[in-house]
Amino acid sequence: MVDYEAILTQLGIPFWTSGKNNVEGCLTVRCPCCPEDDPDPSRHGNFDPETGKYSCWRCKGSHPSVVLAKAGRISVSAASELIRKNTVGGSAISEKEEVVFADKITLPGSPVPSDLHRKYLEGRGFNVDDLVFYYGLRFTGMMEKWEGVDWGYRVIIPIFDSKKNLVSFQGRGIFKKQEPRYLFPPKEKQVCESKTLLYGADLCRLNRSIIVVEGVMDAWKLGPGAVCTFGSSVTKEQILEMARWRKVFIAFDNEPTAQEHAREVAKDLSALGVEAYLVNTDFGLTEDGEVKDIGDLSLEEAREFKKSFFS
């Protein structure tokens, strides 16, 4: 349970426990995420102590930490800390398992690709030498182990933070039936968790805008200026990373779940004062009848697509 009454009182945010738009058991507030020119500024946002969630009858709201940050004029990280400190018992908002991260990390593999690695990447439409130059890829051979785990026949994708520090890596299998297709080191072997970062952010430090995609290969197709979130689910840490840029274009895959996540990201960014835009990624279907994503485009098609946002 989250003691939202204590949090709202501490931040001086007015709230009601009954009346119009109140959900039973919730604390109702004037939603700070609704447009400022709302013609009816009635209270229609609700904090639910039992689930820890926030909802708004009008705009659907945002993550509770974002709502509290906007309403209380504090940072999102400070709001998250307030929620953590005021969470008791079996709350739906549970604290993350404590992980002791590594001081540094080393990469498996060689910087020289084998013919099999080249065939795989070129088959996906990439220039292998460009990928090695821009993204520092490495390549593992048959039965190659790292920390006792088999990382054989994978493309090793270094993950850097925005200051170009190596913090983790991802291994992408090069064969169709290779499982798991994507492999990460255990959390305690990483310098920090990948889902708190944006892959490719180190190549966008001087940009005023970024385009956000789901996967590493989508980011490769678009080139520097694109970052990925390692899937359509996005953490609040990644939202805060995105908020470092003035404009953010969200280009998630054209399927319902990804598009719903994209709308949530845009809403959270807008609440933080960032210009956020949803990008149409309806590229039709592949020859196999699957939804075509950015990674399925040719390099020429992808770069032409990117031009419309960075021209």
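The values are calculated or read from the model by the stated rules, or taken from the named source; none is laboratory data. From a predicted model like this one, the values you see are computed outputs, not experimental measurements. Using ideal geometry, Cβ is built from the backbone for each residue, glycine included, and neighbour counts are taken over all protein chains shown. For the accessible areas, the whole protein counts, side chains as well, though only heavy atoms, and no ligand, DNA or RNA atoms are used. Shrake-Rupley method; radii C 1.70, N 1.55, O 1.52, S 1.80 Å.
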Roughly speaking, to the nearest percent, how much of the chain's 1.4 Å accessible area is carbon and sulfur?
51 percent
How many nm separate the modelled label positions at Glu255 and Val291, each set 7 Å beyond the Cα in the direction of the Cβ?
0.6 nm
Going out from 0 in 10 Å bins, what whole percent of all Cα-Cα distances in segment 176-311 drops into each bin?
12, 43, 34, 11, 0
Quick one: order Asp293, Asp288 from most to least accessible surface, probe 1.4 Å.
Asp288, Asp293
For the pair Arg124 and Asp282, how long in nm is the line joining their label points, each one 7 Å along Cα→Cβ?
2.8 nm
At 1.4 Å probe size, put Met142, Met242, Met217, Met1 in order of accessible surface, largest to smallest.
Met142, Met1, Met217, Met242
Whole-Å distance, taken between Cα centres, linking segment 107-160 and segment 201-266
23 Å
Top of Glu264, Glu301, Glu287 by mean-square fluctuation, Gaussian network on the chain, Cα under 10 Å
Glu287
To the nearest µm²/s, what D does Stokes-Einstein give for the chain at 10 °C and 1.306 mPa s, using the Kirkwood radius over alpha carbon pairs as Rh?
74 µm²/s
Mind checking which of Asn254, Ser209, Tyr134 is farthest towards the positive end of segment 123-254's charge dipole, using Cβ charges of +1 (Lys, Arg) and -1 (Asp, Glu) about the Cα centre?
Ser209
Just flag the trypsin sites (Lys or Arg not before Pro) in segment 168-202 sitting in loop per DSSP whose Cβ has no more than 11 other Cβ atoms within 10 Å.
Lys176, Lys177
MRE, 222 nm, helices only [DSSP H, n ≥ 4, -39500 (n - 2.57), over the chain, to nearest 500]:
-8000 deg cm²/dmol
Might you work out the accessible area of Tyr135 for me, using a 1.4 Å probe with all protein chains in place, and round it to the nearest 10 Å²?
20 Å²
Please arrange Asp48, Asp296 by accessible surface area, largest first, computed with a 1.4 Å probe and ligands excluded.
Asp296, Asp48
Taking θ as phi - 60°, what are the ³J(HN,Hα) couplings along segment 236-243 by the Karplus curve (6.51, -1.76, 1.60), each to the nearest whole Hz, with x for Gly and Pro?
5, 5, 5, 4, 5, 5, 4, 5
Could you report the accessible area of Ser298 in Å², rounded to 10, computed with a 1.4 Å probe on the protein chains as they sit in the structure?
40 Å²
One would report the antiparallel percent of DSSP beta bridges in the chain, rounded to the nearest 5, as 70 percent
